[in-house]
Amino acid sequence: MLLCKRKHEFGSEINIAPLIDVVFLLIIFFLTVSHISQVKVEPLPLPEAQEGKKPQDQDRGRIIINVHEDGRISGSIQSIDSLQEVLTNEIGRSGRDNLSVLLRGDRATNWSNISRIMQICTSNGINRINVAVTEPGGSSP
């Protein structure tokens, strides 16, 4: 009886299960990050301005503060007291030079609410404070 010996072929198989896991985790990460960035920008009727310019530091070290008509602060910062705490943490993490604040105030809110937040920022050494506005007749960003 003649037995044939097969030649063993050496090949490589690619296991794509870990690749699929990594891609799935990346998709979840980007969906989560995009959702968080949209949560910070709430729909507010912003004040109108005839002139203005866009800030140079678009997203680097930016804290977004939303102030509603009744003076209530929303987003990651819930009150004036928590604002002080958030600013202290952000200054410790990224430094004063890399930090900017974007104030988004409802057009019907009192200026004293916005002014108080600006005073807290400047007392902490944050001098780059931007106020969000819309063009006359335009929609809120």
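The values are calculated or read from the model by the stated rules, or taken from the named source; none is laboratory data. Note that the structure is a prediction, hence the values are computed from the model and not measured. Here the Cβ positions follow ideal geometry from the backbone for every residue, glycine too, while neighbour counts run over all protein chains shown.
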Task: Filter result (on the phi < 0 side of the Ramachandran plot and either in contact (Cβ under 8 Å) with a residue 12 or more places away in the chain or buried (at least 18 other Cβ atoms within 10 Å of the Cβ) (or both)) within region 109-126 - done: 109, 110, 113, 114, 116, 117, 118, 120, 121, 124, 126
TODO: Output the residue which, of all residues in region 80-131 that are basic (Lys, Arg) and touching a Pro at 6+ places or on another chain (Cβ under 8 Å), is farthest from residue 43 (Cα to Cα).
DONE: 128
Task: All positions within region 109-138 that are closer than 18 Å to residue 62 by Cα and in a helix (DSSP H, G or I) - done: 114, 117, 118, 119, 120, 121, 122, 123
- [ ] Restricting attention to region 71-94, report how many residues are among the acidic types (Asp, Glu) and more than 19 Å from residue 115 (Cβ to Cβ).
- [x] 2
TODO: Given the conditions (1) part of a helix (DSSP H, G or I); (2) at pLDDT below 70; (3) over 30 Å from residue 132 (Cβ atoms), report the number of the one that residue 6 does not fulfil.
DONE: (1)
Open item on the list: Let me confirm something: among 33, 39, 22, which residue is out of contact with any Gly (no Cβ under 9 Å at 6 or more places or on another chain) and modelled with pLDDT under 80?
Closed with: 33
Task: region 71-102: number of residues that are under 16 Å from the mean Cα position of the chain (by Cα) and of a type in the set (Asp, Glu) - done: 1
Open item on the list: Can you tell me how many residues within region 78-108 are in a loop (DSSP other than H, G, I, E, B), exposed (fewer than 14 other Cβ atoms within 10 Å of the Cβ) and of a type in the set (A, V, I, L, M)?
Closed with: 1
